[in-house]
Each structure stands twice: as structure tokens, then as C-alpha cells.
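*Asks:* For reference, the structure I am asking about is given below.
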Amino acid sequence: MTVERIEQISGEAADAIASASDADALGQLRVRYLGRKSDLTAILRGIGELDPADRGPVGKLGNATRERLEGLLEERLDSLQGG
């Protein structure tokens, strides 16, 4: 369930980032998907409550997703700024 939710978040966020029209929209998406109250952050904070066998895969995927989304946000901002 948790791995599927991370994959769902990743897909939704990537689509939203790709269609963002300006820097303000990207800022809102950063908060929505990577902020303190985001679903991804909540999942990562809750890793300790998971079954020990699930902690590694969920943590690895969660961190990789966070890094991927941060990269997508930076790339999109660069393209919107003409870079």
C-alpha cells in the first residue's frame, strides 16, 4: 500500500510540475508534494511504524522520489526562466 501511494504521488507530482505555468505555481507544488504536511513527508516520517521488512523499500523509494521531484522542480523552473 505505501509503495503504491509513493508511486501515485510521484506520478501526480511529475504531471503537475510539467504543466506548471510559472514560478508561483511551482512553489505551491513544492509545498504540496514536498512540504512538512505533504503525504510523502508523512510517509517518510512514519517509516518506523512499518513492518521491519517494509522499512527499507519504502524509505529507499520515498527518498528517491523526493530527490526526483526536487530535480523536476528545478528543471521546470529553469525552463520557465528561459534557462
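The values are calculated or read from the model by the stated rules, or taken from the named source; none is laboratory data. Please read all numbers here as calculations on a predicted model, not as lab measurements. Positions of Cβ are generated from backbone atoms using ideal geometry, with glycine treated the same way; all protein chains shown enter the neighbour counts.
*Asks:* For segment 68-80, does any single residue satisfy the condition of being modelled with pLDDT under 95 and hydrophobic (A, V, I, L, M, F, W, C)?
*Replies:* Yes, some residue in segment 68-80 is modelled with pLDDT under 95 and hydrophobic (A, V, I, L, M, F, W, C).
*Asks:* Follow-up question, since we're still on this one. It is to be established whether one or more residues within segment 66-82 are surrounded by 13 or more Cβ atoms within 10 Å (Cβ to Cβ) and among the hydroxyl-bearing types (S, T, Y).
*Replies:* No; the residues of segment 66-82 include none that is surrounded by 13 or more Cβ atoms within 10 Å (Cβ to Cβ) and among the hydroxyl-bearing types (S, T, Y).
*Asks:* Consider L50 carefully, then state whether it is closer than 20 Å to A16 by Cα and among the aliphatic types (A, V, I, L, M).
*Replies:* Working: closer than 20 Å to A16 by Cα: no; among the aliphatic types (A, V, I, L, M): yes.
For L50, the condition - closer than 20 Å to A16 by Cα and among the aliphatic types (A, V, I, L, M) - is not met.
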